[in-house]
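Every number in this text was worked out from the coordinates using simple rules, so none of it is lab data. None of these values were measured; they are calculated from a predicted model. Because the Cβ atoms are built from the backbone with ideal geometry, glycine has one as well, and the counts that use them run over all protein chains shown.
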Ligand code: AMP
């Protein structure tokens, strides 16, 4: 038997398709109840579920655990019992095991597979956690579906009208979701769009009413009840109770008894409550408007408004929706059962893996408007799902943290827009800069939502590894996101036009992501072409070892430089100056020229300087321009040389001066473009010194994020077997 399971925050329910009637029905639990509290008690004799656990919880017994669903996918422990830590995922697995075994006992049939519902706002990680919990409970997940969609399915069973457009308004304890679905023909239900606020729910109404109660208590008794924790807990509980009663009658009398405070009774009317919370209900109206706008509808296009979630029992909800829509909302679906019944219908799904994915068109606008959203529908294979085909959409946009084109800030580059039919895949190409002699890795921070990076959920960090260094350092990485039919995300990456995926490592998202909210200063590495001239003093004092040591150091330097993005030229200087070899990217020719230098080849004195020639050779080069001067003595016309060197500095030609032997340190500093570039060393340190200069030229700081190319997309590819 395959079942549908509504794994709720406070209650859960299990349903199946009755083999005789072909209709969905709830499998009651072994206590005869259609719903089971989502509460687990860790009692000395073992785990306790059902009404016994609920009773224990209500009288405040120890080790009763509930509402863990809110922490799904967080990875952290939710509670510690007898020294053992439990995550929400593990607790859900325990509850699912109980629901499965109980339903098996009642039905007398073995259950191996299930369709499980999750809130529309659940992110990929929470959905994945739900799938894992089911696996731990010995259940194969046929599909994960959204609760509002399941509710619409259940409603549709009895109220099917071709072309009906149903707005599912789901206001629970902590969240509000609005989903628009359409009945297309006899057997196809399409989710067109969904939008939600995950910080708006019954709890906000409770908080407002709690404040009112406090004011009334003070007015009644003349004493301010204060703000301590215990008072707050009591008042919040009183407020929730009062709110529920206000759904039935008005006014409501609230008997208050606070610790160390005595007793009193205060009275609240529905009008008071409604006016106090008018702005909250209006916020839900904005959500409705957003969904309608997204799919290009207005209220007259909506044929049915379906109310789901405990907070829709507040009379203000129906009244408000009727006022803004002109339609009377429908509340007769039993929300406790509807979701499980809808899930049961989906168990008829024969082939949960779709053959054809929707593909976000390559030329889709970055922030898609209603037009291109629906353009993909024809590419989608309509999969027959028993009596009902259900097509869902992405509930969140999926993006990546990238660097903007100007390189000044981090942006959220959307890869899959919100409200696209799923399953779907989309790829975009980004620039990435590689370095030689280093692991080239690209960080992918997946963003859910289409706001700025830090305003989105960041559920995953992937590190793309094995990126090859390319000549020039600039490569293209194609990143593909796909949402499977459970709205779980998959990430792949390829370099250039490769046909193989790059290896991807998963890492935890760092706690501190604040840098992605700040402007980028210098940390993003962009390799530039590097033009380097090595000017070596060949005056008489260099004769013998000094010159041969210098030649060895310079050759090692050539080897250290990433010649794929650099050119190196050689200058000899003493009484005259000579370009021994012009800028080249041929390392071998360059080293040959270095070895060919002889002492005195431009005279044995130090009459001149190389800076004029350096400016001439580097003047029209793009990118970073560098000259390294190697001298072992004091030059004859130091003032002239310094003035000429300053001309280089003005033109942003960087000068490093290495001196050994009798070199004058002040002179080295004066010709260098910074003090750090003036290096007085011993002859034996030459190779090391050249090496450190080579290294400093290669490093531009960290920052391995993708860079936006301002392009719209790229071809998608198949998942590898
Ligand atoms: P749900 O998450 O759908 O179970 O909804 C839970 C929320 O519904 C909580 O904030 C409850 O206070 C609220 N709720 C339940 N029953 C009522 C009622 N009769 N009137 C108003 N709110 C209710």
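When DSSP beta bridges are limited to those with both residues in the chain, what percentage is antiparallel, rounded to the nearest 5? Let's see the in-between values first.
Working: 85 of 134 bridges.
Antiparallel: roughly 65 percent of the beta bridges in the chain.
Place the peptides 636-642, 653-659 in order of packing, highest mean first, counting for every residue the other Cβ atoms within 10 Å and averaging per peptide. Don't skip to the end; give the middle numbers.
On the way: 636-642: 15.4, 653-659: 23.7.
Listed from highest to lowest mean packing, they are 653-659, 636-642.
Could you work out the helix-only [θ] at 222 nm for the chain, with each DSSP H run of four or more residues adding -39,500 (n - 2.57) and the total divided by the number of residues, to the nearest 500 deg cm²/dmol?
Details: 17 runs with 211 residues, N = 721.
Rounded to the nearest 500, the figure is -9000 deg cm²/dmol.
How are the C-alpha pair distances of the chain spread across 10 Å bins, as whole percents from the shortest bin up?
Taking all Cα pairs of the chain, the binned fractions are 3, 12, 18, 17, 14, 10, 8, 8, 7, 3, 0 percent.
If R₀ is 41 angstrom, what is the calculated FRET efficiency for the pair residue 249 and residue 80, using the beta carbon separation as r and rounding to 0.05?
On the way: r = 42 Å, r/R0 = 1.04.
About 0.45, to the nearest 0.05.
Can you give the % of DSSP beta bridges in the range 1-155 that are antiparallel, to the nearest 5? Could the numbers behind the result be given before it?
On the way: 19 of 30 bridges.
If we restrict to bridges inside the range 1-155, about 65 percent are antiparallel.
Give the dimensionless ratio obtained when the Cα radius of gyration of the range 534-645 is divided by 2.2 N^0.38 Å. Before the final figure, lay out each step's value.
Values: Rg = 13.5 Å, N = 112, 2.2 N^0.38 = 13.2 Å.
Dividing the Cα radius of gyration by 2.2 N^0.38 Å gives 1.02.
So how tilted is helix 202-221 from the main axis of the chain? Cα-based, degrees 0 to 90, rounded to 10.
Computed tilt is about 70 degrees.
Where does each of 576, 313 land when they are ranked from fewest to most other beta-carbon atoms within 10 angstrom? Could the numbers behind the result be given before it?
Values: 576 13, 313 17.
Sorted ascending by nearby Cβ count, the order is 576, 313.
Rg(Cα) of the range 1-99 divided by 2.2 N^0.38 Å? Don't skip to the answer; put the middle values down first.
Numbers: Rg = 14.6 Å, N = 99, 2.2 N^0.38 = 12.6 Å.
Compared with the compact-globule rule of thumb, the range 1-99 sits at 1.16.
Once both labels are modelled 7 Å past Cα along the beta-carbon direction, what's the residue 334-residue 512 spacing in nm?
Result for the modelled spin labels: 5.5 nm.
Would you mind putting 77-87, 502-512 in packing order, based on average other-beta-carbon counts within 10 Å, highest first?
Working: 77-87: 13.3, 502-512: 10.9.
Highest to lowest by the protection proxy: 77-87, 502-512.
Convert 20 °C to kelvin, take the viscosity as 1.002 mPa s, use the Kirkwood radius over C-alpha pairs of the range 280-350 as Rh, and evaluate the Stokes-Einstein diffusion coefficient in µm²/s, rounded to a whole number. Numbers along the way, then the final one.
On the way: Rh = 13.7 Å.
So the translational diffusion coefficient is about 157 µm²/s.
Based on the Cα atoms of the range 411-476, what semi-axes does the equivalent ellipsoid have, where each is the square root of 5 times one gyration tensor eigenvalue, given in whole Å with the largest first?
Details: eigenvalues 149, 37, 23 Å².
Semi-axes, largest first: 27, 14, 11 Å.
With just the Cα atoms defining each centre, how far is the range 564-590 from the range 134-205? Give it in Å.
So the two Cα centres are separated by 70 Å.
With each pseudo-label sitting 7 Å past Cα toward Cβ, what's the residue 20-residue 709 distance in nm, one decimal?
6.3
Residue 265 label point, 7 Å along Cα→Cβ, cut-off 18 Å on backbone N: hits in the range 220-246?
Correct set: 220-222, 238-239, 241-243, 245-246.
Kindly rank 619-626, 439-446, 90-97 from highest to lowest mean number of other beta carbons found within 10 Å of each residue. Don't skip to the end; give the middle numbers.
Working: 619-626: 15.6, 439-446: 19.6, 90-97: 22.5.
Highest to lowest by the protection proxy: 90-97, 439-446, 619-626.
Between residue 286 and residue 110, what FRET efficiency comes out of the Förster formula 1/(1 + (r/R0)^6) with R0 = 56 Å and r the beta carbon distance, rounded to 0.05?
Details: r = 47 Å, r/R0 = 0.85.
So, using R0 = 56 Å, E works out to roughly 0.75.
In degrees, nearest 10, range 0 to 90: what is the angle between the Cα axis of helix 315-325 and the longest Cα principal axis of the chain?
70
Starting from the Cα coordinates of the range 67-144, work out the convex hull volume and express it per residue in Å³. Write down the numbers at each step before the final one.
Details: hull volume 7.4 nm³, N = 78.
Cα-based convex hull of the range 67-144, divided per residue, equals 95 Å³.
Any idea what angle helix 335-346 forms with the longest principal axis of the chain, computed on alpha-carbon atoms, 0 to 90 degrees, nearest 10?
70
Tell me the label-point distance for the pair residue 211, residue 719, using the 7 Å Cα-to-Cβ offset, in nm and rounded to one decimal.
With each label placed 7 Å out from Cα toward Cβ, I get 4.8 nm.
With the Cα gyration tensor of the range 579-721 in hand, convert its eigenvalues to equivalent ellipsoid semi-axes via √(5λ) and list them largest first in whole Å.
38, 18, 17
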